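These notes are about the structure you will find just below.
What follows draws every value from the coordinates through simple rules; no lab data is involved. The structure displayed is predicted, hence computed values, not measured ones. With ideal geometry, Cβ positions are generated from the backbone for all residues, glycine too; neighbour counts draw on all protein chains shown.
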Amino acid sequence: MKKEYDFSQAKRGAVIPQTGKTRITIYIDDDVLEAFRERGDSAGKGYQTIMNEALREYLNKLQPPLNEETLRRVIQEELLVLVNPKVVA
């Protein structure tokens, strides 16, 4: 080990940057945080991992709103079946 080190060009931060993840600061209610910590402990995972999984599951359950194009297509398919029952949409 050297007796003296030059830190004039040093930079603070993580040694290995994370890819695909962003560090943020948020406020979480104490009871919600405690619940995620308990679930993380019982699952053998970190509470942040459990929170990320819960958020991802919620986002996957969201369905995009019915837009005009989709609505028109469905109505046209249904009308076509009503006019000509032999046509299968």
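Could you grab me the full set of residues in the range 62-88 that are in a helix (DSSP H, G or I) and loosely packed, with under 10 Cβ neighbours inside 10 Å? Result: E68, E69, L82, V83. Does L59 qualify as being exposed (fewer than 12 other Cβ atoms within 10 Å of the Cβ) and under 20 Å from the mean Cα position of the chain (by Cα)? Here the answer is yes, as L59 does meet what is asked. Taking the range 3-51 as the range and being part of a helix (DSSP H, G or I) and either loosely packed, with under 12 Cβ neighbours inside 10 Å or aromatic (F, W, Y) (or both) as the test, the residues that pass are D30, D31, V32, F36, S42, Y47. Among the residues in the range 66-83, are any within 16 Å of the chain's Cα centre (by Cα) and without any contact (Cβ under 8 Å) to a residue 40 or more places away in the chain? No, the range 66-83 contains no residue that is within 16 Å of the chain's Cα centre (by Cα) and without any contact (Cβ under 8 Å) to a residue 40 or more places away in the chain.
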